[in-house]
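Since the structure comes first, as structure tokens, the remarks are kept for the end.
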Amino acid sequence: MLRLSRMRWIHGWLLFLPAAVLLFAFTHLPAAETLWASLHSTLRGRRPAVFVGLDQYRTLLDDPIFWQVLWNNALFALGTIPASVALALAMALLVDSRIAGRAAARMAYFTPTILPLVAAANIWLFFYTPSYGLLDQIGGLFGFGETNLLGSRETALPALMVVTIWKEAGFFMIFYLAALQQVPPTYREAAALEGAGRWTYFRRILFPLLMPTTLFVLVNAVINAFRMVDHVIAMTRGGPDNASALLLFYVYEVAFKFWDTGYASALTVVLLVILAVLAIGQFAYLDRRVHYR
Amino acid sequence: MNQTATLFGGDRWLAALTTLGAWLLALLWALPPLFAVWTAFHPQAFSVHFDLTAPLTLANFDRALAAAPFPRYFLNTFILVTTVTATQFVLCTLAAYAFARFEFPGRDIAFALVLVQLMIMPDTLIVQNYATMARLGLVDTILAIGLPLMASAFGIFLLRQTFKSIPKELDEAARIEGASALGVLWRVYVPLAKPVYVAYGLVSVSYHWNDFLWPLVITNSVETRPITVGLQVFASVDQGIDWSVICAATLLSCGPLLVGFLIFQRQFVQSFMRAGIR
């Protein structure tokens, strides 16, 4: 008997081994190496990387661009997450009701999810083109002048947010749709019998029932807000004057334009810490409020 | 909604308003891709000039294909997506089977460590993963793009949930008939999880087709660049502001995926749903 259970141990580990090796080599090890590299100077030509302690982090604290991209990223998250999640819920409710042409509507909402973000960014770039693009053409009809949304400090980041919301809402809608289809229709009937209005039904019954989905979607949305930079690269390259640069984009720039791996590692550590804190915090906070079926 | 409308004593106005809202939102959402289609299929003079009598043309696609090696980029993406998805299937199946049906010391800690990848995705580790690939001599290869993505926490999680929901009796019955551990996996678990594989496959293919940052960093030649990076190189360097050609190239880059989506729309949506339910 003992031998049998030991066999199961070995089998279990052997089955997990191939995935474990790759996960370790490309997730856990690089995460640890990043921390290690962030405590060293960058290897340049003949000059080897030497241990510098927390120097990279001191540089980081004094780096105005770092604070700017951090602030940009916070704005980006706040600007995109609530809007895309709310829109996703609205879309799901619309498509779940028996309206005419709902299959077409669902397809329209979902299509951006299938498009590569770079491709979407190129289309929106054309949209935003000053005077020539569709936005200015439509604006022109109403007597608005030429705009350069991506070229001015105030509007570059919001313009990217719009693209993000457009891209993400349909994706999150799918999860709400799946959840809505699992709500028993008897709840609705019972609520109606009790004399509850549509809004009360949504607020008191449907919304709490959808909480696990909202949690799942929120976690994804937060991770995406710190992970999506394809459109920054394709549309603004962080400009003008870093007004639309996000944290991961800055990591990319520092690492692969300035080839300063030490500093890029310190920036990556900040990114990883933010992701970890947000994920843990979100679970701890929402866990208490989520209604599990 | 008709039924509920009567239930809540709802009126026709509200129903009409809902429909109108849904359509307006749909139109707004469809506008950018429709706009790109218009521009790509019309001569340059009509790119922002909307005239229903404008002649249709494929010249923009010809010009895009002549200006950049898109077929090669397609081939690269195809190789990348198929190898990554196939490897993910094998590795995630084995690991998920271990977590679902085997007792081994350290299992729970190992599973928690797997889930870490849901949060720390490979995109965020581009700096060190680049260094690793440089050490392995793999910079600028398709294998290097795929390697960090091949063991997927999401896939392991999804398949583990599925395997756990399969009755143990089936497993035991097969064992009594003399099937080995792998035999049971192959003959009992995998066939029963087929819809989940379809779902995961579609999600994985569209995800890796669209991947951009890591391939951008790790590739730098025509022979390895996937279509997304190829498109970006084309749009930013080769073209300047010829929007007709850029739109044609953009449509080309997502064409196969988009056509597949339009044909298998129901399966796609259901797959994304299935993958999202945990």
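Considering only segment B:184-195, I want to know if a residue exists there that is within 17 Å of the chain's Cα centre (by Cα), more than 20 Å from B:Phe70 (Cβ to Cβ) and surrounded by fewer than 21 Cβ atoms within 10 Å (Cβ to Cβ).
Quick first cut of segment B:184-195, residues within 17 Å of the chain's Cα centre (by Cα) only: B:195.
Narrowing the set further to residues that are more than 20 Å from B:Phe70 (Cβ to Cβ) leaves B:195.
Remaining after also requiring surrounded by fewer than 21 Cβ atoms within 10 Å (Cβ to Cβ): B:195.
Within segment B:184-195, one or more residues are within 17 Å of the chain's Cα centre (by Cα), more than 20 Å from B:Phe70 (Cβ to Cβ) and surrounded by fewer than 21 Cβ atoms within 10 Å (Cβ to Cβ).
Looking at (1) closer than 27 Å to B:Leu252 by Cβ; (2) part of a helix (DSSP H, G or I); (3) among the aromatic types (Phe, Trp, Tyr); (4) free of Cβ contacts under 8 Å to residues at least 12 places away in the same chain, can you tell me which one A:Trp71 breaks?
(1)
Examine segment A:127-134 for a residue that is in contact (Cβ under 8 Å) with a residue 12 or more places away in the chain and surrounded by 15 or more Cβ atoms within 10 Å (Cβ to Cβ), and state whether such a residue exists. Give the derivation first.
Residues of segment A:127-134 in contact (Cβ under 8 Å) with a residue 12 or more places away in the chain: A:128, A:130-131.
Okay, now just the ones that are also surrounded by 15 or more Cβ atoms within 10 Å (Cβ to Cβ), so A:128.
Yes, because at least one residue in segment A:127-134 is in contact (Cβ under 8 Å) with a residue 12 or more places away in the chain and surrounded by 15 or more Cβ atoms within 10 Å (Cβ to Cβ).
Taking A:His28, is it within 13 Å of chain B (Cβ to nearest Cβ) and modelled with pLDDT under 90?
Values: within 13 Å of chain B (Cβ to nearest Cβ): yes; modelled with pLDDT under 90: no.
For A:His28, the condition - within 13 Å of chain B (Cβ to nearest Cβ) and modelled with pLDDT under 90 - is not met.
Is there a residue in segment A:161-182 that is surrounded by fewer than 19 Cβ atoms within 10 Å (Cβ to Cβ), out of contact with any strand residue (DSSP E or B) (no Cβ under 8 Å at 6 or more places or on another chain) and away from every other protein chain (no Cβ under 11 Å)?
no
Can you tell which of A:Ala279, A:Ala264, A:Ala234 is touching a helix residue (DSSP H, G or I) at 6+ places or on another chain (Cβ under 9 Å), within 8 Å of chain B (Cβ to nearest Cβ) and more than 26 Å from A:Val162 (Cα to Cα)? Even if it seems obvious, please write down each step before you answer.
On the way: A:Ala279 fails: more than 26 Å from A:Val162 (Cα to Cα); A:Ala234 fails: more than 26 Å from A:Val162 (Cα to Cα).
Among A:Ala279, A:Ala264, A:Ala234, only A:Ala264 is touching a helix residue (DSSP H, G or I) at 6+ places or on another chain (Cβ under 9 Å), within 8 Å of chain B (Cβ to nearest Cβ) and more than 26 Å from A:Val162 (Cα to Cα).
Please verify whether A:Thr214 is closer than 17 Å to B:Ile126 by Cβ and β-branched (Val, Ile, Thr), treating the condition exactly as stated.
Working: closer than 17 Å to B:Ile126 by Cβ: no; β-branched (Val, Ile, Thr): yes.
Considered against the rule, which asks whether it is closer than 17 Å to B:Ile126 by Cβ and β-branched (Val, Ile, Thr), A:Thr214 comes out as no.
Spot the failing condition for A:Arg198; the list is (1) modelled with pLDDT under 85; (2) in contact with a Phe, Trp or Tyr (Cβ under 7 Å, 6 or more places away or on another chain); (3) closer than 23 Å to B:Ala249 by Cα, and only one is missed.
Against the list (1) modelled with pLDDT under 85; (2) in contact with a Phe, Trp or Tyr (Cβ under 7 Å, 6 or more places away or on another chain); (3) closer than 23 Å to B:Ala249 by Cα, A:Arg198 comes up short only on (3).
Consider only pairs whose beta carbons are under 6 Å apart and that are at least six residues apart or on different chains; among these, list those whose first residue lies in segment B:125-142 and is at negative phi and whose second residue is of a type outside the set (S, T, N, Q) and surrounded by fewer than 19 Cβ atoms within 10 Å (Cβ to Cβ).
Listed by first residue and then by second, the contacts come to B:Gln128/A:Glu33; B:Met133/B:Val139; B:Ile142/B:Ile79.
For every residue, the table says whether it meets (1) in a helix (DSSP H, G or I); (2) at pLDDT below 90.
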residue	(1), (2)
B:Thr19	yes, yes
B:Trp23	yes, no
B:Ala26	yes, no
B:Val37	yes, yes
B:Phe50	no, yes
B:Phe78	yes, no
B:Gln88	yes, no
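For segment A:244-260, which residues satisfy the criterion of being assigned to a loop (DSSP other than H, G, I, E, B) and within 19 Å of the chain's Cα centre (by Cα)? Even if it seems obvious, please write down each step before you answer.
The initial filter retains those residues of segment A:244-260 that are assigned to a loop (DSSP other than H, G, I, E, B), namely A:244-246, A:257-260.
Matches in segment A:244-260: A:Ser244, A:Ala245, A:Leu246.
Give me a count of the residues in segment A:148-189 that are more than 16 Å from A:Val85 (Cβ to Cβ) and of a type in the set (A, V, I, L, M).
Of the residues in segment A:148-189, the ones more than 16 Å from A:Val85 (Cβ to Cβ) are A:148-160, A:163, A:181-189.
When the remaining residues are screened for being of a type in the set (A, V, I, L, M), the result is A:149-150, A:156-157, A:159-160, A:163, A:183.
Final tally of qualifying residues: 8.
Name, by its number, the condition in (1) at pLDDT 85 or above; (2) over 30 Å from A:Val183 (Cα atoms) that does not hold for A:Phe127.
(1)
Let me confirm something: among B:Thr141, B:Thr93, B:Thr85, which residue is within 11 Å of chain A (Cβ to nearest Cβ), out of contact with any strand residue (DSSP E or B) (no Cβ under 8 Å at 6 or more places or on another chain) and not basic (Lys, Arg)?
Numbers: B:Thr141 fails: within 11 Å of chain A (Cβ to nearest Cβ); B:Thr85 fails: within 11 Å of chain A (Cβ to nearest Cβ).
B:Thr93 is the lone residue from the list that is within 11 Å of chain A (Cβ to nearest Cβ), out of contact with any strand residue (DSSP E or B) (no Cβ under 8 Å at 6 or more places or on another chain) and not basic (Lys, Arg).
Show me the helices (runs of 4 or more DSSP H) found entirely inside segment A:149-228 where at least 3 residues are small (Gly, Ala, Ser) and over 26 Å from A:Val273 (Cβ atoms). Spell out how you get there, then give the answer.
Values: elements: A:156-180, A:185-193, A:211-225.
Here the list reads A:156-180, A:185-193.
Identify, please: which residue in segment A:118-148 is assigned to a loop (DSSP other than H, G, I, E, B) and facing another protein chain (nearest Cβ under 9 Å) and is, among those, farthest from the chain's Cα centre (by Cα)? Spell out how you get there, then give the answer.
In the first step, residues of segment A:118-148 are kept if they are assigned to a loop (DSSP other than H, G, I, E, B); the result is A:129-133, A:142-148.
Retained after the next criterion (residues that are facing another protein chain (nearest Cβ under 9 Å)): A:129, A:132-133.
Working: A:Thr129: 25, A:Tyr132: 31, A:Gly133: 27 Å.
Going through the qualifying residues, I end up with A:Tyr132.
The values are calculated or read from the model by the stated rules, or taken from the named source; none is laboratory data. No experiment lies behind these values; they were computed from the predicted model shown. Neighbour counts run over all protein chains shown; Cβ positions are idealised from the backbone, glycine included.
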